[in-house]
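The numbers here are math on the coordinates, done by the rules we state, and not lab data. Everything quoted here is computed from the prediction, not taken from an experiment. So basically every Cβ, Gly included, is an ideal-geometry build from the backbone, and we count neighbours across all protein chains shown.
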Amino acid sequence: MHKNKYKLAINDSEMKSLYLLLTIIIFSFNAHSQCTPSIPSTANVVNTTQLVNGGFTPQWVCTGDTLNSNGGIFSVYLEAGSVMNTGGGSDSIYVKAGATLRMNGGIHTIIFEPLSILNIIGGIATYDTCQAIVYNYTNAPLGGCVVTSIPKETLPNLSFSIAPNPFTDQTSIFFADTQNKTTIVITDILGKEIRTIIFSGNQLDISKNEMTAGIYFVKAIDENNNVINKKVVLQ
């Protein structure tokens, strides 16, 4: 009697996809404990405007400087006031308050402080929120970034970020300071009012409900009539 034999064949493309998926899964299990990452000694110090489109080298982006990336698998450490523009790759990106991440593509895990600026237009993003990201500079490259921070007293009471953005079912508004009877108005791209919420607290969860896919605007008005507008995308 002959026994049937089966052979599983995986081509290079499938193997790369499997490796990428495993990388994302492994990181997702560890991301929630990574609000205190160490800057590795192997990090590339971005203290100009640099283009990095491949490799595995960690990137440490200094205040006032910009990293542009469309490929690679690496960790990125954004200091306050730095900028990253990405259209590809699979990175774990730490975004401190005052730093800006513009994402147009790729598959990224984003660990961010509430006052960071996230502009997520395309790609696949997963999120982890840290009230404070504290970098460990013990092994950081010598002559690296001059570390700066945003003093608490300079932060406007109404500052907020929205994540995930874009979103599919639910997103959240993260305020820098506790709000007291702040009015949240959501309008569509034509200016039609979709929802009005009187909110107190630090984090407001917004569910999709009757909203359909498209671009919306979130306006926050505090008790002193300070106003901030931000865009959010429902996919």
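A few notes on this one:
- Descending principal axes extents, the range 124-235, alpha-carbon based, whole Å: 53, 37, 21
- Label-to-label distance, nm, for residues given as N70 and V185 (7 Å Cα→Cβ offset): 4.0 nm
- Available extension along the chain between I117 and I221 is 35.5 nm, counting 0.36 nm per residue and deducting the alpha carbon span.
- As a calculated quantity, the FRET efficiency between T168 and S41 at R0 = 35 Å, using C-beta atoms, amounts to about 0.35.
- Distance (nanometres) between label positions extended 7 Å along Cα→Cβ at E210 and N53: 4.8 nm
- Extension gain, T196 to T138: 0.36 nm times the residue separation minus the Cα-Cα distance gives 16.1 nm.
- FRET E, pair I228, R102, Förster distance 22 Å, beta-carbon r, rounded to 0.05: 0.70
- Computed from phi, the 3J(HN,Hα) profile of the range 62-75 under the Karplus parametrisation 6.51, -1.76, 1.60 (θ = phi - 60°) reads 7, 4, x, 10, 10, 10, 10, 8, 10, x, x, 10, 8, 8 Hz, with x in place of Gly and Pro.
- Leading residue at positive end of dipole, the range 158-235 (Cβ point charges), from L204, I228, T182: I228
- DSSP beta bridges confined to the range 88-235 are antiparallel in about 65 percent of cases.
- Sequence ranges 53-64, 74-85, ranked by mean other-Cβ count within 10 angstrom, highest first: 74-85, 53-64
- Rg ratio for the range 65-181: its Cα radius of gyration over 2.2 N^0.38 Å, N being its residue count, equals 1.07.
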